[in-house]
């Protein structure tokens, strides 16, 4: 029987096996991270779209009834509670009183042109959330974009298949910001209009 007595050969085999295991573990961690970030992006968008709809209903003096569990989460979120383990009005930068306690006029102001849940601030907030965790990692950025699209689809289904116009405008603006960054990372030349109108980072003031 032949015995391999070369310790260096065996050491090289062990190193190769350890390296393969480490690579597999890193890839699994990266996949999990992308999945988590995609989910966070989806939740951020879904909550924002739901918030816009509720605020518009408050503005029109309408109320919701027969709420699903998902709709209840949004109402809890707007009432100042933490939902989905991470999201609350506080940690997205809102400093006013609970939204469910607003007057009709205050609700209208929040979804107005310069309001916290208006098109510019909401799209900037969601885009910055994705840009913040992705940095210049194209794969993460694309995963975040997928999360934004998924969140919008979830919100649309949750609220009966249609959202108010402000939500579609917000989604369009958010994707414009993300797509501009993707084009930049890919080295694709943006049009002059895109360069002027679509920032890769948005300054949000409350």
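The values are calculated or read from the model by the stated rules, or taken from the named source; none is laboratory data. The model shown is predicted, which means the values in this text are computed figures rather than measured ones. Neighbour counts are summed over all protein chains in view; Cβ atoms, including those assigned to glycine, are modelled from backbone coordinates with ideal geometry.
All conditions in (1) buried (at least 20 other Cβ atoms within 10 Å of the Cβ); (2) over 15 Å from the mean Cα position of the chain (by Cα) hold for residue 124, with the sole exception of (2). Which ones in the range 77-102 are in a loop (DSSP other than H, G, I, E, B) and over 16 Å from the mean Cα position of the chain (by Cα)? Scanning the range 77-102 gives 79, 80, 81, 82, 94, 95, 96, 97, 98, 102. Contact map, the range 171-192: residues that are farther than 26 Å from residue 42 by Cβ paired with residues that are at pLDDT below 85 and outside any helix (DSSP H, G or I), Cβ distance under 8 Å, separation 6+ or inter-chain. Pairs shown: 190/198. Here is a check on your reading of the model: is residue 141 in contact (Cβ under 8 Å) with a residue 24 or more places away in the chain, farther than 29 Å from residue 35 by Cβ, touching a helix residue (DSSP H, G or I) at 6+ places or on another chain (Cβ under 8 Å) and crowded, with 19+ Cβ neighbours inside 10 Å? No, not satisfied. The combined condition, being surrounded by fewer than 18 Cβ atoms within 10 Å (Cβ to Cβ) and modelled with pLDDT of 90 or more, is not fulfilled by residue 95.
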